[in-house]
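Worksheet: one structure, shown below.
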Amino acid sequence: MGLGVLADHHLSDVPGTSFLNEKGVSSSVEDSTEKNHASLKHDPTGKIVLVPQPSDDPNDPLNWPRWKKEMFTVSIIIGCGCVGAIGPLLGPALVPLAEEFDVPLQTFTLGFTGALLIALAFGNLLCNSLAMMIGKRPVYLITALGLLCSTIWTAVAKDFVSLAVSRAIQGFCMSPMEALVPAS
């Protein structure tokens, strides 16, 4: 197989893939339509054979109704937008904030931005593993709640240590929107 993908010796084809012939038609669809066309799942018009074939599980995203797929996409887009804004949002206000908390600018920057980025890096590793064990949805829901709470905490922080800890928790809770979205 190309691009460094190792060939599977147990299956004839890699799951979720199909080879295209010279006409641009999937060889797996072409072969299967000749063999047992009636047993395959089709689109609502009945003209297109679905590749990959959806399972019979109602939780399979391929079986979701259109509105549910669109709501999922919108929620992921909103989440990514919010997470993308949290990190640099107060960047222009670092100097006044450092003066307000009576901390040198370099120390404030390390605590304010550095804590977030370090926690984000560790969170990416942990959230991927956690999502494999318990699923993506609980990880998204728990970290979204944590992100909400830590954002409120950041807004009401009275001292620099509290602010830095809240930013670290924000970084950790941002990680699923950085790491899990491509796999969702």
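The values are calculated or read from the model by the stated rules, or taken from the named source; none is laboratory data. From a predicted model like this one, the values you see are computed outputs, not experimental measurements. When we count neighbours, we look across all protein chains shown, and the Cβ atoms used for this are built from the backbone with ideal geometry, even at glycine.
Any idea how many residues of region 45-68 are among the aliphatic types (A, V, I, L, M) and in contact with a Leu (Cβ under 6 Å, 6 or more places away or on another chain)? Before the answer, list the steps.
The initial filter retains those residues of region 45-68 that are among the aliphatic types (A, V, I, L, M), namely 48-51, 62.
With in contact with a Leu (Cβ under 6 Å, 6 or more places away or on another chain) added as a condition, the list becomes 49.
Residues that pass the stated criteria total 1.
Please go through region 41-64 and pick out each residue that is in a loop (DSSP other than H, G, I, E, B) and under 19 Å from residue 135 (Cα atoms). Outline the logic, then answer.
Within region 41-64, the subset in a loop (DSSP other than H, G, I, E, B) is 41, 43-48, 50-60, 64.
Answer for region 41-64, where residues must be in a loop (DSSP other than H, G, I, E, B) and under 19 Å from residue 135 (Cα atoms): 55, 57, 58, 59, 60, 64.
Mind listing whichever residues of region 152-184 are of a type outside the set (A, V, I, L, M), in contact (Cβ under 8 Å) with a residue 60 or more places away in the chain and surrounded by fewer than 17 Cβ atoms within 10 Å (Cβ to Cβ)?
184 - this is the single residue of region 152-184 that is of a type outside the set (A, V, I, L, M), in contact (Cβ under 8 Å) with a residue 60 or more places away in the chain and surrounded by fewer than 17 Cβ atoms within 10 Å (Cβ to Cβ).
Going by the structure shown, is residue 141 exposed (fewer than 14 other Cβ atoms within 10 Å of the Cβ), farther than 30 Å from residue 59 by Cα and either of a type outside the set (Asp, Glu) or modelled with pLDDT under 95 (or both)? Break it down stepwise before answering.
Values: exposed (fewer than 14 other Cβ atoms within 10 Å of the Cβ): yes; farther than 30 Å from residue 59 by Cα: no; either of a type outside the set (Asp, Glu) or modelled with pLDDT under 95 (or both): yes.
In short, no.
Taking only region 102-140 into account, find how many residues are out of contact with any Asp or Glu (no Cβ under 7 Å at 6 or more places or on another chain) and either over 20 Å from residue 154 (Cα atoms) or of a type in the set (Phe, Trp, Tyr) (or both). Walk me through it before giving the result.
Looking only at region 102-140, we keep the residues that are out of contact with any Asp or Glu (no Cβ under 7 Å at 6 or more places or on another chain), and these are 102-119, 121-123, 125-140.
Now narrow it down to the ones that are either over 20 Å from residue 154 (Cα atoms) or of a type in the set (Phe, Trp, Tyr) (or both): 108, 112, 122, 125-140.
Result for region 102-140: 19.
Name every residue in region 140-181 that is β-branched (Val, Ile, Thr) and either more than 10 Å from the chain's Cα centre (by Cα) or closer than 17 Å to residue 112 by Cβ (or both), in order of residue number. Full working, then the answer.
Step one: filter region 140-181 for residues β-branched (Val, Ile, Thr), giving 142-143, 151-152, 154, 156, 161, 165, 169, 181.
142, 143, 151, 152, 154, 156, 161, 165, 169 - these are the residues of region 140-181 that are β-branched (Val, Ile, Thr) and either more than 10 Å from the chain's Cα centre (by Cα) or closer than 17 Å to residue 112 by Cβ (or both).
How do the pairs read when you match residues in region 103-116 that are assigned by TED's automatic domain parsing to the domain that holds residue 87 and among the aromatic types (Phe, Trp, Tyr) with residues anywhere that are surrounded by 14 or more Cβ atoms within 10 Å (Cβ to Cβ) and not in a helix (DSSP H, G or I), using Cβ under 9 Å and keeping only pairs 6 or more apart or on different chains?
108/101; 112/90
Looking at 73, 113, 107 in this structure, which one is in a helix (DSSP H, G or I), of a type outside the set (Lys, Arg) and exposed (fewer than 12 other Cβ atoms within 10 Å of the Cβ)? Step through it out loud before you land on a result.
On the way: 113 fails: exposed (fewer than 12 other Cβ atoms within 10 Å of the Cβ); 107 fails: exposed (fewer than 12 other Cβ atoms within 10 Å of the Cβ).
Unique residue meeting the criteria: 73.
When region 63-96 is examined, which residues are found to be aliphatic (A, V, I, L, M) and out of contact with any helix residue (DSSP H, G or I) (no Cβ under 9 Å at 6 or more places or on another chain)?
Of region 63-96, the ones aliphatic (A, V, I, L, M) are 71, 74, 76-78, 83, 85-86, 89-90, 93-95.
Correct list: 71, 74, 77, 78, 85, 89, 93.
Of all residues in region 116-133, how many are exposed (fewer than 15 other Cβ atoms within 10 Å of the Cβ) and either in contact with a Pro (Cβ under 9 Å, 6 or more places away or on another chain) or not in a helix (DSSP H, G or I) (or both)?
Qualifying residue count for the region: 0.
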